[in-house]
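The values are calculated or read from the model by the stated rules, or taken from the named source; none is laboratory data. None of these values were measured; they are calculated from a predicted model. Ideal geometry is used to build each Cβ from the backbone, glycine not excepted, and the neighbour counts take in all protein chains shown. Side chains are part of the model used for accessible areas, which takes the heavy atoms of the whole protein and leaves out ligands, DNA and RNA. Shrake-Rupley method; radii C 1.70, N 1.55, O 1.52, S 1.80 Å.
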Protein chains: 2
Amino acid sequence: MCGTDDASSYRAYLDELFRAGLLISSGVRGVYGRSGTFEDVIMGFERYVTREGKPLSPEVMHFPPLLSRAHYTKINHIHNFPDLMGSVHTFMGGDPEHRELVRKLADGEDWTRDLAPADVMLIPAACYPLYPTATGTTLGASGRLIDLVSYVFRHEPSDDPARMQIFRQREYVRLGTAEQALNHRNEWLERGKAILQSLGLAVEAVVANDPFFGRGGRLAKATQREQVLKFELVIPICSTEKPTAISSCNLHLDYFGHAFGIDGPDGQPAHTACIGFGLERIALALFKTHGLNVDAWPKGVRELLTLA
Amino acid sequence: MCGTDDASSYRAYLDELFRAGLLISSGVRGVYGRSGTFEDVIMGFERYVTREGKPLSPEVMHFPPLLSRAHYTKINHIHNFPDLMGSVHTFMGGDPEHRELVRKLADGEDWTRDLAPADVMLIPAACYPLYPTATGTTLGASGRLIDLVSYVFRHEPSDDPARMQIFRQREYVRLGTAEQALNHRNEWLERGKAILQSLGLAVEAVVANDPFFGRGGRLAKATQREQVLKFELVIPICSTEKPTAISSCNLHLDYFGHAFGIDGPDGQPAHTACIGFGLERIALALFKTHGLNVDAWPKGVRELLTLA
């Protein structure tokens, strides 16, 4: 099963994961509960990554899955990926407006137009909430290295179990000079590949682009590829023709340095780079590669994940 | 500081937590990054709770912070707590609509009206996504016990560091007969109290009510108290007059059993009950009680949290 990339093969593998109890249907495509076993695998992978990252002495930060709306509008996500956004709206009226809201719900009318935008957006990438916290700072000579993990949201309903609307990214982000950022990206590309391969995952590094929106996005995609800003580590999960990216290594140039007034040690706008591990996708790749029974996974893999 | 409940004392303690680097400002009240140390405390508390819950052999499930909109409208959250809701909206137009969206942003107009509701809501409590997954089932004789943890959203911007808009709840939920649910609530009230007291937290159990909305909510609050459906474990964090609930034990009667057609072992609509641990609030209570330097916390507390 799951050898081609058509919708029915996605659905078949998803149903297999449901039957095994590893994922739990929420009734919405791409939004799933995770079993304890699924979480154990993710926590084990996180422990492994933490061990590998420890010699680099990263700062550790953890952001909840919400980002300031004001900060969101300072980056070009709304220009580049509007179809993926998650804007949080709430009810801000009093008793009379509330009666009308409840009436609309009861009468099957659209009650969501009565809501007002809250000050927050769902975060599209684990590193987005980081940059605003460095607003107006100047980095020291060695820059900064930050270890992040967060749930992120992308509105792309799909039956592909690896294309979730809400999933976790573990990231190592570098802020510094252009050279420091480039080195970070290149070093973590190799380190990430080694980590994943040590777990029996036959990943391949490919040049990639983000899914920029619409007609205007075509040029952005081409430019990103030409400049070799993004590498993905891919492996077949549900399709051999379209392997799944389970990790990506990205160079942002001085985009975030400019947007938030972060200066590098050289006085120029800071350059940034990140590696992101897609935690659910890595778990799914492990289940695909080693089978749905974690107890029967190779001893070496279980040891690296400290599952034994 | 922080001895009274006025806004300035909240703000003073929040600033102290920012300065200590334990919480990180996002620019939005009640939305904070957490430091690695803050996370270590939360993970340590979770390990402790897991050890205490293990003899009960709970099912472990983990839900992301989103709930199906269709399921959300089956419960009365929109009637009872509309002001706390988080409705997720996104952009579903094409190129022309996108140009207009971007123009509105550039011209300082309200672009959020151009969004459409997605199929999901932010979850208001960690157990809400659980009940729909049991739709149409009949429970076995011993019912079910589920161990959950999730980020939850409540739109209530505040400078009180303990009143976050997005925070984590760890829950143990019981589905079963009325008696099984009541016993669960009562047993976990004692167990929860013992866990928190063993960590040096001088919690007190008080009868409480949820913040039902508006004029109509007054009766609901009174009824909930009369029926003694909700206990909170409270401790002063920023105010001695208004201590903070760091945990609550709730009896839902057959509310969720009715809403999702879940039958108990006796053929009646299932009764449900839960204990919820407010993880960030527990961490804050620990910092308030034992100081901001985790290394200097009492040896016994560090051992229970396996921080040593």
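The table below lists the values:
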quantity	calculated
Ascending list, in nanometres, of distances separating the A:LEU182 label from those of the other copies (7 Å, Cα toward Cβ)	7.3
Viscosity 1.567 mPa s, 4 °C: Kirkwood-radius Stokes-Einstein D of segment B:226-293 over Cα pairs, µm²/s	92
Solvent-accessible area, 1.4 Å probe, carbon plus sulfur percent, for the protein assembly as shown	51
Rounded accessible area per residue of segment B:173-308, 1.4 Å, Å²	42
When segment A:79-223 is reduced to its Cα atoms, the Kirkwood hydrodynamic radius in Å	19.3
Percent of C-alpha pairs per 10 Å bin, segment B:129-179, short to long	20, 38, 24, 15, 3
nm² value of the averaged projected area, convex hull over the Cα atoms of segment A:87-146	6.4
For segment B:173-275, alpha-carbon Rg relative to the globular expectation (2.2 N^0.38 Å, N residues)	1.18
Approximate shape of segment A:153-194 as ellipsoid semi-axes (Cα gyration tensor, √5λ), whole Å, largest first	29, 13, 8
Top of B:ILE166, B:ILE75, B:ILE123 by mean-square fluctuation, Gaussian network on chain B, Cα under 10 Å	B:ILE75
Interface area, A with B, accessible, probe 1.4 Å, both sides summed, Å² nearest 100	5100
Note, ³J(HN,Hα) from phi for segment B:40-51, Karplus 6.51, -1.76, 1.60, rounded to Hz, x at Gly and Pro	4, 5, 5, 5, x, 5, 4, 4, 4, 4, 4, 4
Å² of accessible area per residue within segment B:43-139, as computed with a 1.4 Å probe and no ligands counted	39
Anisotropy class of segment B:1-140 from Cα gyration tensor, a/c 1.5 cut	oblate
Dipole axis of segment A:36-99 (+1 Lys, Arg; -1 Asp, Glu on Cβ), positive-most option in A:THR37, A:MET92, A:ASN76	A:ASN76
Euclidean distance between Cα centres, segment B:119-146 to segment A:35-56, Å	28
At q = 0.06, 0.09, 0.12 Å⁻¹, base-10 log of I(q)/I(0) for the protein assembly as shown (Debye sum, equal scatterers on each alpha carbon)	-0.31, -0.74, -1.42
Protein-protein interface of segment A:195-235, residues with accessible area decrease of at least 50 Å², isolated chain reference, 1.4 Å probe	A:PHE213
Chain B, helix-only ellipticity at 222 nm - DSSP H runs n ≥ 4, -39,500 (n - 2.57), divided by all residues, nearest 500	-10500 deg cm²/dmol
For B:LEU253, distant residues with modelled amide H under 5 Å away	B:THR272
Amide proton proximity set for B:THR137, modelled H, under 5 Å, gap of 5+	B:ASP263
Rg ratio (alpha-carbon, reference 2.2 N^0.38 Å) - chain A	1.07
Taking only Cα atoms of segment A:1-76, radius of gyration then Dmax in Å	17.9, 45
Minimum 10 Å² accessible area buried by the other protein chains, segment B:125-155 residues, probe 1.4 Å, relative to alone	B:THR133, B:TYR151, B:PHE153, B:HIS155
Most mobile listed residue (B:ALA116, B:ALA205, B:ALA273) in chain B, GNM with C-alpha springs under 10 Å	B:ALA116
Long-range HN-HN contacts of B:LEU66 with modeled amide H, under 5 Å	B:ILE123
Other-copy label distances relative to A:ASN293, 7 angstrom Cα-Cβ extension, nm	5.3
³J(HN,Hα), Karplus 6.51/-1.76/1.60, whole Hz, each residue of segment A:291-308, x for Gly, Pro	x, 7, 9, 4, 4, 9, 5, x, 3, x, 5, 4, 5, 4, 8, 6, 8, 6
Equivalent ellipsoid dimensions for segment B:59-124 as semi-axes, Å, which come from the Cα gyration tensor, largest first	30, 14, 10
Top of B:TRP188, B:TRP111, B:TRP297 by mean-square fluctuation, Gaussian network on chain B, Cα under 10 Å	B:TRP111
Copies compared at A:GLY94 - label distances in nm, ascending, label defined 7 Å from Cα in the Cβ direction	4.4
Cα-centred dipole magnitude for the protein assembly as shown, charges only on beta-carbon of K, R (+1) and D, E (-1), debye, nearest 20	540
